[in-house]
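As structure tokens, the structure follows; a few thoughts come after it.
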Amino acid sequence: MRGPDAHGRFGPFGGRYVPETLMNALIDLEQAFRQCIDDQSFQEDLHTLLEEYAGRPTSLHEASRLSDALGGARIWLKREDLLHTGAHKINNALGQGLLARRMGKRAIIAETGAGQHGVASATVAALLGLTCHVYMGEEDMRRQQLNVFRMQLLGAHVVPVTSGTRTLKDAGNEALRQWVAQVEHTAYMLGSAVGPHPYPMIVRAFQRIIGKETRQQFLARCNTLPDVLVACVGGGSNAIGFFDAFVDDASVQLIGVEAAGSGLDTDAHAATVSKGTPGVFQGSLSLVLQDRHGQVLPAHSISAGLDYPGIGPEHAYLHHINRAQYVAVTDDEAMHAVEVLARHEGIIAALETAHAVAYVLKCAPRMPRDAHIVLCVSGRGDKDVSTMMAYKEAHA
Ligand SMILES: *Cc1c(COP(=O)(O)O)cnc(C)c1O
């Protein structure tokens, strides 16, 4: 397995910057994870749930009309949006839920931004009979009312977080604080490839199924490897899971797409790699949007799931060694991309995913007809239709 090292580092990034009170919990979690991941009955349980409950494997298919319209590379879609609950987050939630149960925990807590990880956590908690508290910024609760109600229907307690910008980073801080207070019976289900070691490693392990399937499916169809993989990056879990099976294939270009919000030359964006600097944020050393005094800056994106000033340490590392490239697209470009994909392929993508689509709209026409791009459709757009409606009304 590639990194992290014994200290949880990916090159200079990662690690475990947490209060002493959390150290033991993280060490216990790491031990339990290492046991489970090598344990055949754990793997069988997880595999069964992924297949029978979540709907894996997800399909990979060619977006023929979109490819023809753009007139360049052939575009393929890896359809994580078809999973139960509508996004890739269920892969990780099922894995961490089973892990929590193996560790004898009775409760889980989770943070959420768009609400997708909260819904996935609440879903898995119901499935496995665990109680569930989800911490969510007030601003995100307002933007994602349907997901709040979904979590409540599933029996979860949604706890509003009123500090800071009242978005994902504040919810993450609060969830970590709460975990310290109740660590004995409670597992913290982290929703992206961020946070202190071992979380980036755990989340990657539960998301790498995306890339593993993609590799097999693409080889079976085309008898070669794709040229470019494109995924959106919030904390980086769908992207790292998608990239993982291809990192050692130097011919495959890996592209992560961040949110440029209103533009990289404004203060309103979430482009952590493009504009961030190294710093410690939420338990690990990575790139972070911060001012010169190390104050974390508020992020902005039309999509709540990308509205995060940090990024997983492995992405910071892949950028550092130039193995992956990170680009940014604006709210406007993402919104346009939603419509292009919808009208050519009959798929309404999540606003997060739309960022990856927007980049494909730019790069595909510049590539030859025999080149192949695979796009990770991280989630479906049902949760975002009211945001999309409001955007269209404001820009009519
Ligand atoms: C949460 C979310 C993201 C962003 O999270 P990552 O950890 O970067 O994958 C992207 N797409 C969808 C649909 C999401 O729900």
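Overview of results
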item	result
Matching entry among Arg34, Arg16, Arg74 (being open to solvent by 50 Å² or more (accessible area, probe 1.4 Å) and touching a helix residue (DSSP H, G or I) at 6+ places or on another chain (Cβ under 9 Å))	Arg16
Test: residue in region 103-111 that is more than 30 Å from Met141 (Cα to Cα), more than 13 Å from the ligand (Cβ to nearest atom) and assigned by TED's automatic domain parsing to the domain that holds Asp140	yes
Selected residue (criterion: most open to solvent (accessible area, probe 1.4 Å)) from residues of region 38-69 that are touching a helix residue (DSSP H, G or I) at 6+ places or on another chain (Cβ under 9 Å) and either modelled with pLDDT under 95 or of a type in the set (Asp, Glu) (or both)	Asp68
Given (1) open to solvent by 30 Å² or more (accessible area, probe 1.4 Å); (2) within 16 Å of the ligand (Cβ to nearest atom); (3) acidic (Asp, Glu), number of the condition Asp384 does not satisfy	(1)
Selection status of Leu254, under 16 Å from Leu306 (Cβ atoms) and in contact with a strand residue (DSSP E or B) (Cβ under 8 Å, 6 or more places away or on another chain)	no
Some residue of region 72-84 being over 19 Å from Arg215 (Cβ atoms) and of a type in the set (A, V, I, L, M, F, W, C)	no
Single condition Ala364 does not satisfy, out of (1) under 27 Å from Ser64 (Cβ atoms); (2) open to solvent by 30 Å² or more (accessible area, probe 1.4 Å); (3) not charged (D, E, K, R)	(2)
Every residue from region 249-263 that is surrounded by 14 or more Cβ atoms within 10 Å (Cβ to Cβ) and at negative phi	Val252, Gln253, Leu254, Ile255, Gly256, Val257, Glu258, Ala259, Ala260, Ser262
Per-region count, region 200-218, residues more than 13 Å from the chain's Cα centre (by Cα), open to solvent by less than 40 Å² (accessible area, probe 1.4 Å) and not aliphatic (A, V, I, L, M)	4
Filter result (open to solvent by 10 Å² or more (accessible area, probe 1.4 Å), under 20 Å from Val194 (Cα atoms) and among the charged types (D, E, K, R)) within region 132-182	Arg166, Lys169, Glu174, Arg177
Whichever residue in region 219-239 is within 13 Å of the ligand (Cβ to nearest atom) and assigned to a loop (DSSP other than H, G, I, E, B) and, among such residues, is surrounded by the fewest Cβ atoms within 10 Å (Cβ to Cβ)	Gly235
Selection count where residues are in a helix (DSSP H, G or I) and more than 10 Å from the ligand (Cβ to nearest atom), scope region 75-89	2
Residue, nearest to the ligand (Cβ to nearest atom), within region 291-311, restricted to residues that are over 20 Å from the mean Cα position of the chain (by Cα) and open to solvent by less than 60 Å² (accessible area, probe 1.4 Å)	Val296
From Ala205, Ala187, Ala175, Ala220, residue being of a type in the set (Gly, Ala, Ser) and modelled with pLDDT under 95	Ala175
Residue list for region 329-356, restricted to those being among the hydrophobic types (A, V, I, L, M, F, W, C), within 13 Å of the ligand (Cβ to nearest atom) and either under 17 Å from Leu254 (Cβ atoms) or assigned to a strand (DSSP E or B) (or both)	Ala349, Ala356
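So that you can scan it fast, the table gives a plain yes or no per residue for (1) outside the structural domain of Ala175 (by TED's automatic domain parsing); (2) of a type outside the set (S, T, N, Q); (3) without any contact (Cβ under 8 Å) to a residue 12 or more places away in the chain:
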{"residue": "Glu20", "(1), (2), (3)": "no, yes, yes"}
{"residue": "Ala25", "(1), (2), (3)": "no, yes, no"}
{"residue": "Leu29", "(1), (2), (3)": "no, yes, no"}
{"residue": "Phe33", "(1), (2), (3)": "no, yes, no"}
{"residue": "Ile37", "(1), (2), (3)": "no, yes, no"}
{"residue": "Ser41", "(1), (2), (3)": "no, no, yes"}
{"residue": "Leu46", "(1), (2), (3)": "no, yes, no"}
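Conditions tested, residue by residue: (1) in a helix (DSSP H, G or I); (2) among the small types (Gly, Ala, Ser); (3) under 16 Å from Gly97 (Cα atoms).
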residue: Leu22; (1), (2), (3): yes, no, no
residue: Ile27; (1), (2), (3): yes, no, no
residue: Ala32; (1), (2), (3): yes, yes, yes
residue: Gln35; (1), (2), (3): yes, no, yes
residue: Leu46; (1), (2), (3): yes, no, yes
residue: Leu50; (1), (2), (3): yes, no, yes
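The values are calculated or read from the model by the stated rules, or taken from the named source; none is laboratory data. Worth saying up front: this structure is predicted, and the values here are computed from it rather than measured. No Cβ is skipped: glycine too gets one built from the backbone with ideal geometry, and neighbour counts run over all protein chains shown. Only protein heavy atoms, including side chains, enter the accessible area calculation; ligands, DNA and RNA are left aside. Shrake-Rupley method; radii C 1.70, N 1.55, O 1.52, S 1.80 Å.
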